[in-house]
1. Does S4 count as assigned to a loop (DSSP other than H, G, I, E, B) and either surrounded by 14 or more Cβ atoms within 10 Å (Cβ to Cβ) or at pLDDT below 80 (or both)?
2. Can you name the strands (runs of 3 or more DSSP E) wholly within segment 69-126 that have at least 3 residues being under 30 Å from G39 (Cβ atoms) and out of contact with any helix residue (DSSP H, G or I) (no Cβ under 8 Å at 6 or more places or on another chain)?
3. Answer yes or no: is there a residue in segment 85-100 that is modelled with pLDDT under 90 and open to solvent by 70 Å² or more (accessible area, probe 1.4 Å).
4. Taking the residues in segment 9-56 that are at pLDDT below 75 and open to solvent by 100 Å² or more (accessible area, probe 1.4 Å) as candidates, determine which candidate is nearest to V77 (Cα to Cα).
5. Looking only at segment 104-119, count how many residues are closer than 30 Å to A44 by Cα and open to solvent by less than 70 Å² (accessible area, probe 1.4 Å).
6. Can you tell me which of (1) modelled with pLDDT of 75 or more; (2) farther than 27 Å from V91 by Cβ; (3) open to solvent by less than 70 Å² (accessible area, probe 1.4 Å); (4) of a type in the set (A, V, I, L, M) is the one L70 doesn't meet?
Amino acid sequence: MARSRIRCRFAFSRVSVSGSFQYIGSRYTQIDDLTPGIGTVNIASFPGTIGGPLTQNTFTFNPLLPAYSLFNIRLGVGAVELGRSGVHHNVTDERALLALDRERGLRARVGYLTNQPRTLGVSLRFNY
């Protein structure tokens, strides 16, 4: 009786390390954000009610978005046939304000678009 064996062996001969650092300085989302008084909304001027009794007549926000830094890293081991890597995005878990989000001008909602929080992941690669 003949025996057959299938042997699968991977020798990891490649190690990779990569990273990225990104610094974004303080900035405005739109050119209109430089208009004097843009950060103050007179909510008493809106027709009808805005959701209940008002405790103040104005809403204030700072249109100047603060600076932020992001750091990402990837570590991997692999061979020609198989590769694995681990990724770590936003290592410092920075909460970056990316843009000022306004709905219907400044009459409905004012908020900030933010970045992705700290994220860990794994990547697998197989060549055949």
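1. Judged against the criteria, S4 is a match.
2. 97-103, 109-114
3. So far as segment 85-100 goes, no, none of its residues is modelled with pLDDT under 90 and open to solvent by 70 Å² or more (accessible area, probe 1.4 Å).
4. That would be R9.
5. 6
6. Only one criterion is unmet by L70, namely (2).
The values are calculated or read from the model by the stated rules, or taken from the named source; none is laboratory data. Remember, it's a predicted structure, so these values are computed and weren't measured experimentally. Backbone-built Cβ (ideal geometry, glycine too); neighbour counts: all protein chains shown. To get the accessible areas, we keep the full protein, side chains included, count just its heavy atoms, and leave off ligands, DNA and RNA. Shrake-Rupley method; radii C 1.70, N 1.55, O 1.52, S 1.80 Å.
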